[in-house]
1. Could you please rank 117, 221, placing first whichever residue has the fewest other Cβ atoms within 10 Å of its Cβ?
2. Using only Cα atoms and rounding to the nearest 10 degrees, what angle (0 to 90) does helix 215-225 make with the longest principal axis of the chain?
3. Can you tell me what share of the DSSP beta bridges in the chain is antiparallel? A percent to the nearest 5 is fine.
4. Given the -39500 (n - 2.57) contribution per DSSP H run of 4+ residues, what per-residue ellipticity at 222 nm results for the chain, rounded to the nearest 500 deg cm²/dmol?
5. Is the chain rounded, prolate or oblate when judged by the Cα gyration tensor, a ≥ b ≥ c being the square roots of its eigenvalues, rounded requiring a/c under 1.5 and prolate requiring a/b larger than b/c?
6. Multiply the residue gap between residue 48 and residue 120 by 0.36 nm, knock off their C-alpha separation, and tell me the result in nm, one decimal place.
7. Highest mean first, what order results for 41-48, 194-201 on Cβ atoms within 10 Å?
8. Taking neighbour counts of Cβ atoms within 10 Å as a proxy for exposure, in what order, fewest first, do 5, 297 appear?
């Protein structure tokens, strides 16, 4: 069995676009006709350039190879060009291709991927979701109104969720760490207060920030949130300074979570050695794939650190997350888009089930999903923007800030 051919599909989810501007799916086919699907999350270059990177990684490191040789293919890509260091673009390309290899291997052996990763640990996987506005009542004020967030949280908890995430803390800016505006601190505390009052002890609060703050600013904000006992304080500083996470952790009595923008065990091992994070959130379409994430989970286990796979992408990365989550002992929970996401579930013909706050591990071979290729082809992305983009304007200390949940809501 050898890897023979590659197809790449860049898919644009319809409005409201939860999960990003587009998703990059790859389909591999072997010389004996077995197909496997994967998803590349890293999109640090435009979709046309990313397609070229994926094609190059496949042709250079994987074409003609036995899909069983995941370790060898990873080492080729990781070492390419005399690097042997994390590269989010190359590793993002490899990650999607690697996920497709596991899909192939499971289908070849008539077993789900989790069975190839050490077997079943968690047949029911605790899930969480961001708080999103009701599509029937869209409002830009949702992102800055604690009452609307609390209403959404109560609805999600009534559905069965035991954890909800929100990030009202200010701008998603390329300028690196900044001091939060006092209005951002006050709004963040108000969100926590309103949501805690709405859900009581029925759900955990997950506070996100997208790496926005200086070390001192992260400490100021985190200490303001402590009375509401969030389960985690996510990526409070930019991910390019792993040592500073430990400074925040020492000063704030909320566990730190991070990892969606990190790639390979090299970056996660440095983070673990600092003691700065208690919850790791790898994005499997960027981190190096399923096998690399399995290694990271094993390292985390040695530090008494839990795993919460990240998802702001499409349903194929979600499927990969679910198989990893099913196989590891130190799972905390896995991210979903609400109960799986309407368009997400349509693309995989509802072949992953969500039930009362939990994702059910698939039993079908490979990733256990049924990909609707006609629907994929019916929703191509034809633009040239990135999956997510940061604003250039700095924090506004006078007029306040907004961050609309990562969806390109103003685009048609």
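1. Lowest count first: 117, 221.
2. Rounded to the nearest ten degrees, it is 70.
3. Around 50 percent of the beta bridges assigned by DSSP in the chain are antiparallel ones.
4. So the calculated ellipticity at 222 nm is -11500 deg cm²/dmol.
5. prolate
6. Gain on stretching residue 48 to residue 120: 22.1 nm.
7. 41-48, 194-201
8. 5, 297
Read the figures in this text as sums done on the coordinates, not as results from a lab. Note that this is a predicted model, so its numbers are computed, not measured. Don't worry about glycine lacking a Cβ; one is built from the backbone with ideal geometry, like all the others, and counts go over all protein chains shown.
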